[in-house]
Amino acid sequence: MRLQRRILALFCALLMLFAMGGSGSAEGVYYGSHPADDVYLTQSVAHTCTLIAATMMLRNYSCQRGSPYLQVTDTGVGHYAWTKQYGLSQNFSIGQVRVTCNADIRNAADKKAYLINVLQYHTEGVVIYDTGAPHAIWLFGYDEDTDTFYCADTINRNGGHAIPLVESIIRGDTQEDKINTIDKIWYVM
């Protein structure tokens, strides 16, 4: 019986290898997450992009933990994290969840590698901010096979769903250009 199981397991492994083209190489890695459709939001009030991006990040964080993420709203997050004078607070807490802002990316020699590393540890995604625009979006994934970062913009015309970073309104014509404009990120501690 054991021998039959081993032969069956070997046969299944060979079938899988054959189905992958016989190369035995694994597909590239995806870092981050594939958010649920109802995690996405768009801003209805001008100059609230950081608040909306942070709300989407926190909704995804709650969703990943099986918490009632639809109860995470921009109004609720704004109560703890928003000031009319300065916008999104650099650091804030909502219950047990702490969010912090980091400007280390300004000095990173390779901002792309920096963001990939961050997404490995923060699968809920991060808020990325370009002070020159100024504009913030929620970055939540990177596909190694296609060398594509995925985000959700907060502006109505291209917000409310997953898009490649290159399609966001962050300044720049290419993904690399857009990455190079990023000054700050917010993430869940």
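The values are calculated or read from the model by the stated rules, or taken from the named source; none is laboratory data. Source: prediction; values computed, not measured. No Cβ is skipped: glycine too gets one built from the backbone with ideal geometry, and neighbour counts run over all protein chains shown. Each accessible area value is taken on the protein alone, full model and side chains, heavy atoms only, with ligands, DNA and RNA left out. Shrake-Rupley method; radii C 1.70, N 1.55, O 1.52, S 1.80 Å.
Things to note:
- Within the range 95-129, the set of residues being at pLDDT 95 or above, among the charged types (D, E, K, R) and not in a loop (DSSP other than H, G, I, E, B) comprises Arg98, Lys111, Lys112.
- Candidate set: the range 70-94, residues that are open to solvent by less than 50 Å² (accessible area, probe 1.4 Å) and assigned to a helix (DSSP H, G or I); chosen: the one farthest from Asp183 (Cα to Cα): Gly76
- Pairing residues of the range 95-109 that are without any contact (Cβ under 8 Å) to a residue 12 or more places away in the chain and open to solvent by less than 30 Å² (accessible area, probe 1.4 Å) with residues that are among the acidic types (Asp, Glu) and part of a strand (DSSP E or B), at Cβ distances under 8 Å and at least 6 apart in sequence or on separate chains, gives no pairs at all.
- Comparison of Ile182, Ile155 shows that the only residue that is open to solvent by less than 10 Å² (accessible area, probe 1.4 Å), in contact (Cβ under 8 Å) with a residue 60 or more places away in the chain and outside any strand (DSSP E or B) is Ile182.
- Inclusion of Leu119 among residues that are of a type outside the set (Asp, Glu), crowded, with 17+ Cβ neighbours inside 10 Å and touching a Cys at 6+ places or on another chain (Cβ under 8 Å) is not warranted.
- Lone qualifier among Ala133, Ala162 - being in contact (Cβ under 8 Å) with a residue 60 or more places away in the chain, within 20 Å of Thr42 (Cβ to Cβ) and surrounded by fewer than 18 Cβ atoms within 10 Å (Cβ to Cβ): Ala162
- Of all residues in the range 145-160 being out of contact with any strand residue (DSSP E or B) (no Cβ under 7 Å at 6 or more places or on another chain) and not hydroxyl-bearing (Ser, Thr, Tyr), the one that is nearest to Met57 (Cα to Cα): Gly160
- Positions within the range 65-75 being closer than 21 Å to Cys101 by Cα and out of contact with any helix residue (DSSP H, G or I) (no Cβ under 6 Å at 6 or more places or on another chain), in sequence order: Thr73, Thr75
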